[in-house]
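Let me begin by presenting the structure, written as structure tokens, before commenting on it.
The values are calculated or read from the model by the stated rules, or taken from the named source; none is laboratory data. Just so it is clear, the structure is predicted and the values come from calculations on it, not from any experiment. Here the Cβ is made from the backbone with ideal geometry for all residues, glycine too, and neighbour counts use every protein chain on show. Surface accessibility is based on the protein's heavy atoms, side chains included, excluding ligands, DNA and RNA. Shrake-Rupley method; radii C 1.70, N 1.55, O 1.52, S 1.80 Å.
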Amino acid sequence: MARTSIKDRAIYRVQVLERAFDILDALAAHDAELALAELSQRLHLHRSTVHRLLVVLEGSRYVEKSAST
């Protein structure tokens, strides 16, 4: 397999991964729990998009759903 240069890797983007990492970063940077609406607003993403990504992250045990949010 041919190796790609750093320049080539910088151009290659996977939007869903970037969004998932943005969610994880936002949660890690905030001490308290964040509700779906708050996350959506902070990340400038539709609530349905954030919800779908959170369901996947929860299923993989990267996040936990709180009963209070």
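Stretch Thr49-Ser68 to full length: gain in nm at 0.36 nm per residue minus the Cα-Cα span?
On the way: separation 19, 0.36 × 19 = 6.84 nm, distance 2.08 nm.
Length gained, Thr49 through Ser68: 4.8 nm.
Take the stretch 16-62, compute every pairwise Cα distance, and split them into 10 Å bins from 0; I just need the percent in each bin.
The calculated distribution, bin by bin, is 27, 65, 8.
Simple spin-label model, 7 Å along Cα-to-Cβ: Arg42 to His30 in nm?
Output for this residue pair reads 0.4 nm.
Given a 1.4 Å probe and heavy atoms of the protein chains only, how would you sort His44, His30, largest accessible area at the top?
Working: His44 160, His30 50 Å².
Heavy-atom accessible area, descending, gives His44, His30.
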